[in-house]
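Below is one structure, written out as structure tokens; the observations come after it.
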Amino acid sequence: MYRIGTMGLLLLGILGVGIVGGCSSMRAETEPPRAGPPESAAQRDARMAWWREARFGMFIHWGLYAVPAGEWQGQTNHAEWIRETARIPLEEYEQFVAQFNPVKFNADEWVRIAKDAGMKYIVITSKHHDGFCLFDSRHTEFDVRSTPFRRDILKELAEACRRQGLRICWYHSIMDWHHPDYLPRRAWEQRSAEGADFGRYCAYLKGQLRELLTNYGPIGVLWFDGEWEDTWTHEHGEPLYDYVRALQPDIIVNNRVDKGRGGMAGMTSGRHAGDYGTPEQEIPATGLPGVDWETCMTMNDHWGYNKRDKNFKSAAELLRMLADIASKGGNYLLNVGPTAEGEFPPESVARLAEMGRWMKINGEAIYGTQASPFPSLPWGRCTQRALPDGRKRLYLHVFEWPADGRLEVLGLLADPVRAFLLADPDHAPLAVVREGDVVVVTLPSSAPDPVNSVVALDVQRRPAVDRK
Ligand code: GLC
């Protein structure tokens, strides 16, 4: 849907935005969409508005693979790819169906945990690469209805999200290691491909998408994945984008619906369908003006549940990543891999609660903000928003609290109006002066938050920045 022509163009865009001061005007430049119903830039902005406001969402990878919990024949480094990485024959893998019985699953509890963390949307695996469906699909028996649990997990989650004010979104894998018509087979598999018909598989895919987009109310995002195999082409991707938008015109579709994604960096090149880029496990070095993107990331080293994987990032790390991503104009989709019993790992719950405590105080510096006007800042990050009176508020995310109490903002040409700490309920003014081309905010001796304390700095109309 968008195009990143050449590096030069990109650079020009970044500089241009800096010079005119801020990124608020950058959205209109996106190219008119090629796929989907005709849409003006204003209509596209309206469709993307909730997602750009949200900034923070929860990814959930859940399915049959939670049963082996990462372990197979003594190897413990598997997860949602276990059928492939442990080379499990289909008939053997299918036996997990009879074992999937997440009796502790409570949709309202999951949604509450996401909401308390400050997340605004949930993207859950309606179907992962293994082909198993967490919803009641009339197109296959390989779904939750065939398990002892039987309940339509997606229905319960969609309803809980609606009750609690979050958007429900589906992750749906194009690649399918179970359906007889999907091609190619895995290289190691014995399963015959005779008679397989990829066209019939596409009809199956569309049939399931129709279920997912008609039986569960409004869906925020269709998050495709597994588009990289040769059988999936641009000629499949673009019409699929159209198909999804025709069923729910306001829906947002990620760029993995088509073939334009550039590896793990996740951004689209060329004219391809998809509303936003999907960097995976990485954060772009800079924001990309005019381009919507979302970094998806695991909290530990696996997407699906792995009982041995205790390599969790700290809440501090996760919070700084959230600020980093927002400062570059992106969203953060942070993953949880629930257990086969239906619970979030306690490590994930603890981190989410800690993130929520920070978000309650500092959420204003994340939600609906725009990218930083500064190329970089030695002590942290910056996000910004336009205030109703036409001034700009810069949110200075201070990671490294200055020992001498002088927070120096270098290169800010707009004059400061006032400054205060978001953590201070009284918003007591902090001294702020211009000293040549540096604006200096005087801070109290200790940081209100050792991870990230946010100083709100209101400046005159144009927070032009000298980017030299
Ligand atoms: C990858 C993996 C997958 C995971 C996804 C999340 O493409 O195949 O297991 O769901 O990334 O971005």
In Å, the C-alpha Rg and Dmax of the chain are 23.3, 76
Scan of the chain for GluC sites (Glu not before Pro) in DSSP loops with at most 13 other beta-carbon atoms within 10 Å gives a longest site-free stretch of 1-140
Quick one: 3J(HN,Hα) in Hz for region 89-94, Karplus 6.51/-1.76/1.60 with θ = phi - 60°, rounded, Gly and Pro as x. x, 4, 4, 6, 4, 4
For region 321-392, what does the alpha-carbon gyration tensor say about shape, rounded, prolate or oblate, given a ≥ b ≥ c as the root eigenvalues, a/c under 1.5 as rounded, and a/b over b/c as prolate? prolate
What are the DSSP H helices in the chain that stretch 27 Å or more along their long axis, judged by alpha-carbon atoms, and whose average Kyte-Doolittle hydropathy comes to at least 0.0? none
Kindly state, as a whole number, the per residue volume in cubic angstrom of the convex hull around the alpha carbon atoms of region 139-283. 144
Carbon and sulfur together cover what percent of the accessible area of the chain at a 1.4 Å probe radius? 52
Tell me the mean residue ellipticity at 222 nm calculated for the chain from its helices only (DSSP H runs of n ≥ 4, each -39500 (n - 2.57), averaged over every residue, nearest 500). -8000 deg cm²/dmol
For region 289-425 (alpha-carbon point model, no solvent) the Debye-based log₁₀ I(q)/I(0) at q = 0.12, 0.17 Å⁻¹ works out to -0.57, -1.00
How big is the C-alpha Rg of region 224-327 next to the rule-of-thumb value 2.2 N^0.38 Å, as a ratio? 1.22
Using only the Cα atoms of region 362-468, build the gyration tensor, take square roots of its eigenvalues as a ≥ b ≥ c, and label the shape rounded, prolate or oblate: rounded if a/c is under 1.5, else prolate if a/b is larger than b/c, else oblate. rounded
Cross-link pairs Lys127/Lys313; Lys310/Lys360; Lys104/Lys155; Lys127/Lys155; Lys127/Lys206 - those with Cα-Cα distance over 18 Å: Lys127/Lys313; Lys310/Lys360
Please work out the Cα center distance from region 339-360 to region 169-222, rounded to the nearest Å. 31
Mind running the shape call on region 52-106? Use the C-alpha gyration tensor, a ≥ b ≥ c as the square roots of the eigenvalues: rounded below 1.5 for a/c, prolate if a/b tops b/c, oblate otherwise. prolate
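The values are calculated or read from the model by the stated rules, or taken from the named source; none is laboratory data. Small disclaimer: the values here were computed from a predicted structure and weren't measured. Every residue, glycine as well, gets a Cβ built from its backbone with ideal geometry; the counts of neighbours run over all protein chains shown. Accessible surface areas use protein heavy atoms only, side chains included; no ligands, DNA or RNA. Shrake-Rupley method; radii C 1.70, N 1.55, O 1.52, S 1.80 Å.
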